[in-house]
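Written out below as structure tokens is the structure these notes cover.
The values are calculated or read from the model by the stated rules, or taken from the named source; none is laboratory data. Because the structure is predicted, anything quoted here is derived from the model rather than measured. All Cβ positions, even for glycine, are placed from backbone atoms using ideal geometry, and neighbour counts span all protein chains on display.
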Amino acid sequence: MDLQTILFWIVAIITGFSAIAVVVTQNIVRSAAWLLVTLGGTAGIYFLLGADFVGATQLIIYVGGILVLVVFGVMLTAQGPFISMKVGAAEWAIAMVVGLVLLVVLASCTMQANWPVTQQARMDDPQRSLNSTTLAGAFLGLPQVTPKARMPIPGGNQPLPPARTPVAYLLPFEIVSVHLLVVLIGAAYLARAKRRRGTVV
Amino acid sequence: MSPNPEDALSGYLLLGALLFVCGVLCMAMKRNAIGVLMGVELVLNGANINFVAFARYNPTFEVEGQIFALFVIVMAAAEAAVALAIVLNFYNNHMTVDVDTAEELKG
């Protein structure tokens, strides 16, 4: 057991436990609090995988943005009977059975599949690991992303990663930008204050 | 001693599967509309863990995995904003957030 494995199991147990607690808790406010732990633990998983930029984005957008939005939604609607809505025992039993079956199917598929993995020395080396500059280059389709991925690993007899064709994600990036603008206008339109007839808001 | 990369990858994939199942159960069971929204976030997080894990352990996927994860995070932000606006609108019109009472479109 090296340090990375121990850290992974610590973070994974925290994340999985709080994800189960989100489902089990009846109180919606506590559910939001457990969701905070789950999203933070997921960011920890990203950092363990060497995806620094994705982990930072997860912390900023999910924990800092979406969760604040969800908590505001809970605060605006949590009144009296809506804080904890009870679910019947029969529904609990059905849900547990379905969830266990689904989990067993997914876990057995994961275990039996033959994933093409290689021990990657690249991500363990901070000089050559994937940083945000590389990600930005991939978004723009810059050619220097490709030769960097094909650089031979010094002092090792590992096989070279297969040659990559230069790919650009510029068009999806632009589509996402326009999509965010549309969503911003749509959310502001949907959530606007109702204007009553004859009064100035 | 470094662990076998396939075992390490399996751990991440199992965690992603657990988050996915929790999210599906959350979507199916919660009667509060905001609880359903939390289930969607859990499902997207489970998928994202799989993307980043394959970006780490599969060299042909190392850029794509992280970029797809970023796209999913942005989509989740947009979806959460619109869904919360709809929930607040529903609450303003019906004075409840119980999804069982939203049955006006039922045939």
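Here are some notes:
- Inter-residue pairs, beta-carbon under 7 Å, first within 7 Å of another protein chain (Cβ to nearest Cβ) and in the range B:69-89, second at pLDDT below 90 and outside any helix (DSSP H, G or I), 6+ apart: B:Ala85/A:Ala191; B:Val87/B:Val97; B:Leu88/A:Ala191; B:Asn89/A:Ala191
- Residues that are within 8 Å of chain A (Cβ to nearest Cβ) and closer than 30 Å to A:Tyr189 by Cβ within the range B:43-68 comprise B:Asn45, B:Asn48, listed in sequence order.
- Verdict on A:Ser31 being within 29 Å of B:Gln66 (Cβ to Cβ) and either at pLDDT 90 or above or in contact with an Asp or Glu (Cβ under 8 Å, 6 or more places away or on another chain) (or both): no
- Scan the range B:30-40 for residues that are at the interface with chain A (Cβ under 7 Å from one of its Cβ atoms) and either within 30 Å of A:Met1 (Cα to Cα) or crowded, with 23+ Cβ neighbours inside 10 Å (or both) and the total you get is 5.
- Tally, over the range B:1-23, of residues that are surrounded by fewer than 20 Cβ atoms within 10 Å (Cβ to Cβ) and more than 7 Å from every other protein chain (Cβ to nearest Cβ): 2
- Scope the range B:74-97; condition buried (at least 16 other Cβ atoms within 10 Å of the Cβ) and farther than 21 Å from A:Ile61 by Cβ; matching residues: B:Phe90, B:Tyr91, B:Thr96, B:Val97
- For the range A:45-65, a residue qualifies if it is aliphatic (A, V, I, L, M) and buried (at least 23 other Cβ atoms within 10 Å of the Cβ), and the qualifying residues are A:Ile45, A:Leu49, A:Ala51, A:Val54.
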